[in-house]
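A short write-up of the structure that comes next.
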Amino acid sequence: MKIFIDNKEYAPFKTPLGGVVIAVTENETAEVRLEGVPETDEQIFIRPLNLAIAHKREEGTVSFAAPSPSRLSFEVGIAEPPKAENLPEKRFPGCDDPFLSDLPLAIFIIEAEEKPEGVTREFLPGFHNAGEIILKSGDSVYLHEGAVVCGNIFAEDAENIIVSGPGVFDVTGYPLRQMKRRFLALHRCKNVVLKDFTVIGSETWVIVPMASDKVVISGVNVLTWIMSGDGIDLCGCTNVVVEGCYVRVADDCVAVKALHLETPQIYGARDIKNIVVSNCVLWNDQPGNALEIGYETRTEEISDIVFEDCDVIHCMREGWQSGGVFTIHNGDRANIHDIVYKNIRVEDAREKLIDFKVLKAVYTRDETRGQIRNITLEDIAITGGEFAPSIIRGWEDKPPHLVGPVTIKNLTYMGKRATNLLNARIVAELSTDVTVE
C-alpha cells in the first residue's frame with residue numbers, strides 16, 4: 001500500500017498491529033490518499049468516528065481530509081488484535097519481517113513546530129542506536145521528523161526536563177526486561193514535558209512517571225503488542241496532564257497506580273492527586289483496561305482524577321473477568337474518591353463498560369481493604385458494538401467496604417438513554433447510592 005499525505009509519499013512502520021505513519025504538516029487540514037487498499041465489501045472505518053471524516057473510495061484508492069493535529073485508525077472491517085502465534089519473536093529496528101502488516105493503519109498528523117531552544121540531545125533523521133539516555137535537570141531531548149531511536153530514557157530527582165519532537169522510538173526487541181527498565185522512567189522528577197513522539201514495540205510499561213509532580217504528556221503515541229506493555233502508568237504522581245495521546249496496547253492504556261518499583265527507595269507508593277486525562281484515543285487489546293485505577297493502590301488517598309473528552313475506539317475481551325473501559329480495581333488500602341469520567345465516546349467495548357471493585361488480587365500487598373466513593377460518570381456515549389455489562393462491587397467485611405456513591409448521568413447506547421440499573425446493564429453488590437439518571 002502507498003500512503004500520500006499532502007502529496008508526499010510516506011513509508012509506514014510495519015508492526016504486528018498494522019502500519020504506522022507520521023506526517024508533520026503546516027496545514028490546518030491534511031489531504032490523505034491511500035493507494036492499494038484491498039478490494040473488499042467490508043466497511044471502512046476512520047476512527048475516532050466522532051471526527052466524522054468522510055472518505056472517497058474508488059479502484060483501490062481511498063482519500064479523505066484529516067484535521068491537524070489528529071490521531072487516526074484506518075480500518076477495513078472491524079479490526080481484531082493479532083493472534084499470539086502470528087507475532088514475531090524479535091524485530092529489531094530497520095529489519096523487515098513477513099509477519100508485519102499495513103492494516104489497520106495508524107495515521108498521526110502532527111502540527112509543525114520549530115525545534116525548541118536549549119536542546120541538549122538531538123536526533124536527526126535516520127536510525128540511532130542510542131542505548132540508555134540518562135537525563136539530568138535542565139536536559140532537553142528532541143527527535144526530528146524521520147528520526148528513529150532505539151534505546152530507553154531514565155531520569156531520577158531531575159527537574160525541568162523535556163522529551164519532544166515528531167520522531168520515533170522503535171524499541172522492538174530492545175532488552176528492557178533484561179535491563180529491569182521501563183522505556184521512559186521518571187523517578188521523583190518535577191516539571192516534565194513529554195510531547196509529540198511515538199513509541200513502538202516496548203516489552204514493559206512504556207511511560208512511567210513515579211513519585212513525580214507537574215508532568216505534561218501531550219500528543220504522545222504508544223503502540224505495543226506484548227502483555228505488560230502498558231501505555232502510560234502514573235505511579236504515585238501529583239499534578240499530571242495527559243492530553244491528545246494515542247495509545248494502543250495489549251494491557252492498560254492509561255493507569256493510575258501507587259506502588260514501589262525496582263527498589264524500595266523509589267517512593268511510588270504515595271498519595272495521588274490532581275490528574276487530568278483528556279482528548280486521547282485509546283485501543284485496549286486483551287488483556288488490561290482502557291482507563292484504569294489500580295490494582296496497586298498502596299497509599300492512603302487517590303483523589304481528584306478527571307478522564308474527559310476521550311475516544312475509546314476498541315476495548316477487547318480480556319476473558320479474565322477484569323477487563324473494561326472504566327475500571328477501578330482497589331486491591332490495597334487506598335481511599336479512592338472524587339473521580340470523574342465525562343464526555344467519553346465508546347465505539348467498541350466487548351467485556352465490561354464499568355468495573356469498580358474493592359478486592360484482593362495477585363497484586364495485593366496491603367492487608368487492609370480500601371474504599372471507592374464519590375464517582376461520577378457523565379455523558380458517556382456507546383456509539384457502536386455491544387452494550388457491555390458493568391459490575392460494581394465492594395468487599396464483604398465487618399463492616400463491609402461498600403462502593404458508592406456512584407452517579408451515572410446521561411449514559412446512552414446508540415443514542416438511547418439508560419434510566420436505571422437494569423437497562424444500564426449494571427450489577428451492583430456491596431454498594432450504596434448507585435444511581436442512573
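The values are calculated or read from the model by the stated rules, or taken from the named source; none is laboratory data. Computed from a predicted structure; not experimentally measured. So basically every Cβ, Gly included, is an ideal-geometry build from the backbone, and we count neighbours across all protein chains shown. Remember, those area values only see protein heavy atoms, side chains included, never the ligands or the DNA or RNA. Shrake-Rupley method; radii C 1.70, N 1.55, O 1.52, S 1.80 Å.
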Meets criteria (touching a Ser or Thr at 6+ places or on another chain (Cβ under 8 Å), within 30 Å of L34 (Cβ to Cβ) and in a strand (DSSP E or B)) for F127: no
When you scan the range 19-81 for strands (runs of 3 or more DSSP E) that lie fully inside it, which ones turn up with 3 or more residues that are open to solvent by 70 Å² or more (accessible area, probe 1.4 Å)? 55-58
Which one of I46, I5, I22 is over 18 Å from V76 (Cβ atoms) and within 20 Å of the chain's Cα centre (by Cα)? I22
Within the set of pairs 6+ apart or on separate chains, which have a first residue in the range 1-15 that is within 10 Å of L34 (Cβ to Cβ) and open to solvent by 90 Å² or more (accessible area, probe 1.4 Å), a second that is of a type outside the set (S, T, N, Q) and assigned to a strand (DSSP E or B), and C-beta atoms under 8 Å apart? K2/E9; K2/L34; K2/E35
State yes or no: is V242 out of contact with any Asp or Glu (no Cβ under 9 Å at 6 or more places or on another chain) and in a strand (DSSP E or B)? yes
Of the residues in the range 233-253, those that are hydrophobic (A, V, I, L, M, F, W, C), open to solvent by less than 10 Å² (accessible area, probe 1.4 Å) and over 11 Å from the mean Cα position of the chain (by Cα) come to L234, C235, C237, V240
If we keep just the residues of the range 102-124 that are assigned to a strand (DSSP E or B) and out of contact with any Pro (no Cβ under 7 Å at 6 or more places or on another chain), which is nearest to D170 (Cα to Cα)? F123
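Could you tell me whether the range 190-204 includes any residue that is closer than 25 Å to S70 by Cα, assigned to a loop (DSSP other than H, G, I, E, B), in contact (Cβ under 8 Å) with a residue 24 or more places away in the chain and charged (D, E, K, R)? So that I can check it myself, show each step before the final result.
Here is the first cut: in the range 190-204, the ones closer than 25 Å to S70 by Cα are 192-202.
Subsequent filtering for residues that are assigned to a loop (DSSP other than H, G, I, E, B) retains 196-197, 201-202.
Okay, now just the ones that are also in contact (Cβ under 8 Å) with a residue 24 or more places away in the chain, so 196-197, 201-202.
Adding the requirement that they be charged (D, E, K, R) leaves 196.
Scanning the range 190-204, I find at least one residue that is closer than 25 Å to S70 by Cα, assigned to a loop (DSSP other than H, G, I, E, B), in contact (Cβ under 8 Å) with a residue 24 or more places away in the chain and charged (D, E, K, R), so the answer is yes.
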Filtering the range 370-414 down to residues that are more than 23 Å from G323 (Cβ to Cβ) and basic (K, R), which residue is most open to solvent (accessible area, probe 1.4 Å)? K398
The lone exception for P166 - which of (1) free of Cβ contacts under 8 Å to residues at least 60 places away in the same chain; (2) within 26 Å of V119 (Cβ to Cβ); (3) buried (at least 24 other Cβ atoms within 10 Å of the Cβ) it fails: (1)
Looking at S218, S212, can you tell me which residue is open to solvent by less than 10 Å² (accessible area, probe 1.4 Å) and in contact with a Leu (Cβ under 9 Å, 6 or more places away or on another chain)? S212
Counting only residues that are under 29 Å from G77 (Cα atoms) and touching a Phe, Trp or Tyr at 6+ places or on another chain (Cβ under 7 Å), give me the strands (runs of 3 or more DSSP E) lying completely in the range 342-437 with at least 2 of them. 371-382
